[in-house]
1. Over the chain, what percent of the accessible surface lies on carbon and sulfur atoms, probe 1.4 Å?
2. Suppose R0 equals 51 Å; then what is the FRET efficiency for residue 25 and residue 156 from their Cβ-Cβ distance, rounded to the nearest 0.05?
3. Using the Cα atoms as the points, what is the convex hull volume per residue of the stretch 1-129 in Å³?
4. Probe of 1.4 angstrom, ligands and nucleic acids ignored: what's the accessible area per residue over the chain, in square angstrom?
5. Quick one: longest stretch of the chain between exposed loop chymotrypsin sites (Phe, Trp or Tyr not before Pro), exposed meaning at most 12 other C-beta atoms within 10 Å and loop per DSSP?
6. List the aspartates and glutamates whose alpha-carbon lies under 13 Å from that of residue 227, not counting same-chain residues fewer than 8 positions away?
7. Give me, ordered by chain and number, the residues 5 or more places off residue 153 or on other chains with an amide H under 5 Å from its own placed amide H.
8. Restricted to Cα positions, what overall size does the stretch 79-136 have along the principal axes? Three whole-Å values, descending.
Amino acid sequence: LAPFTVTYTPAELGTDAGQILVHNDAGADYVIELSGEGTDQPLCDLSAFPFLMNWGSINLGTSNDKTALLTNNGSGVCHVTGAQVAALTTEWTYLSGQTYTINPGATQLVSVRYTPIDRIPDIGTLTVHSDDPAEPDLGVLLYGVGAGPEIDVLPCPASFGLVTVGCKVERQITIYNTGDLALTISNVNFAAGTSDFSLVGGYPSSIPVNGTGVVTVKLAPTTVGPKNRVLQILSNDGDEPVFQCALSGEGTN
């Protein structure tokens, strides 16, 4: 990337055209067409800073707002007629007004909210429409990516097989953190099902990135027949705060 600036200073009224020839070793010049029009009327000249709104990594399930500064560098009033975000995702939301005016030399703040729902990098554009004759659709690039812990559990579902009534079988359920922040476990409990399943001991309170933790579950059937229960693991995983794992077994004589 090698940006450069071209200044246009019309000497008379009317349309002007030109070219920039970029010399390179590919065998042919790269041509950039230039055009402009000299006028004696006051004009809007709108610019945005920054030209890239970069959120970096944002925790999943949270929102973060950023602002861009619109400046009228021209001699006439800028009339903004609309603004919207264009992206292949709904994770960005434009928060500011749609129509307003910016006097010469004045500025206006516009805000965008980013709420990531996954770890896929997001790219978009905020486009501001105005009566700027040189750039009626002013674009600001948007970038962000979701970050946070990611829970996974194995084995899940977990089968305890056949267990004699009056006996017990214990299984270790391993909790994995495959995300990029520490996984905090706030509770481990059971949802629906038989009380023949129970926890043995406690559960890990925190699991580091690429780390594991273990929960031990016991099946002690009191009657003959199928046994089912759902183990619930509550954590700070933004897109899966309650992980459910089905447990099954069967009491036998």
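1. Details: 7500 of 14040 Å².
Carbon plus sulfur share of accessible area: 53 percent.
2. Details: r = 58 Å, r/R0 = 1.13.
The formula returns an efficiency of 0.30 here.
3. Working: hull volume 19.9 nm³, N = 129.
Taking the convex hull of the Cα positions in the stretch 1-129, it is 154 Å³ per residue.
4. Numbers: 14040 Å² over 253 residues.
Heavy-atom SASA per residue in the chain reads 55 Å².
5. Here the longest run is 52-253.
6. 196, 250
7. 176
8. Sorted from largest, the Cα extents of the stretch 79-136 read 42, 19, 16 Å.
The values are calculated or read from the model by the stated rules, or taken from the named source; none is laboratory data. Quick caveat, the model's predicted, so the values are computed rather than measured. For neighbour counting, all protein chains shown are included, and Cβ atoms are generated from backbone atoms with ideal geometry for every residue, glycine included. Surface accessibility is based on the protein's heavy atoms, side chains included, excluding ligands, DNA and RNA. Shrake-Rupley method; radii C 1.70, N 1.55, O 1.52, S 1.80 Å.
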